[in-house]
1. Averaged over every viewing direction, what's the projected area of the C-alpha convex hull for the stretch 1-76? Give it in nm², one decimal, please.
2. Can you sort 121, 129, 41 from fewest to most other Cβ atoms within 10 Å of each residue's own Cβ?
3. Among 150, 19, which comes first, then next, by fewest other beta-carbon atoms within 10 Å?
4. Most exposed first by the Cβ proxy, i.e. fewest other Cβ within 10 Å, how do 47, 139 rank?
């Protein structure tokens with residue numbers, strides 16, 4: 001299969017996956033294009049053992065995270081700008097961003113297949129049946145694996161919230 005066929009078959013799936021990650025149509029389009037550009041450069045390395053869509057999603061996810069980290073370094077807002085424009089203090093925004101980053105970081109370090117199943121379900125918006133097909137399993141396996149991944153994330157967040165509570169608060 002050549003890249004033009006791959007592009008036609010999977011562009012929309014990769015775009016929707018990135019749109020769910022970025023919440024931005026423009027950014028999703030940009031990163032989708034970059035994903036296929038990277039896929040073209042490394043198509044010779046694709047061994048065919050995995051589903052091509054899962055391979056593209058991996059490239060897309062890594063490209064998004066790289067873009068996200070780059071954007072975080074470039075974004076420097078003052079307390080006044082944030083409070084004036086949104087009514088949210090910089091401390092609240094940092095807290096929310098840090099919590100989201102912590103979840104992404106935990107997900108990035110999560111063991112397989114939990115990481116990929118969770119990513120495909122939440123960010124890729126794939127059905128359990130499709131996820132099961134990607135792994136050569138059934139939809140029940142995908143459902144259970146997703147549930148376990150979600151439980152791991154919840155447990156991680158509970159530990160974070162517990163660690164961040166002051167011993168002096170009621």
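Quick note: the coordinates plus some simple rules give every number you see, no bench work behind them. Quantities reported herein were computed from a predicted structural model and do not represent experimental measurements. Using ideal geometry, Cβ is built from the backbone for each residue, glycine included, and neighbour counts are taken over all protein chains shown.
1. Details: hull surface 20.5 nm².
Directional mean of the projected Cα hull area for the stretch 1-76 stands at 5.1 nm².
2. On the way: 121 20, 129 12, 41 9.
So the ranking, lowest neighbour count to highest, is 41, 129, 121.
3. Working: 150 15, 19 19.
By the 10 Å Cβ count, ascending: 150, 19.
4. Working: 47 7, 139 14.
The order, fewest Cβ neighbours first, is 47, 139.
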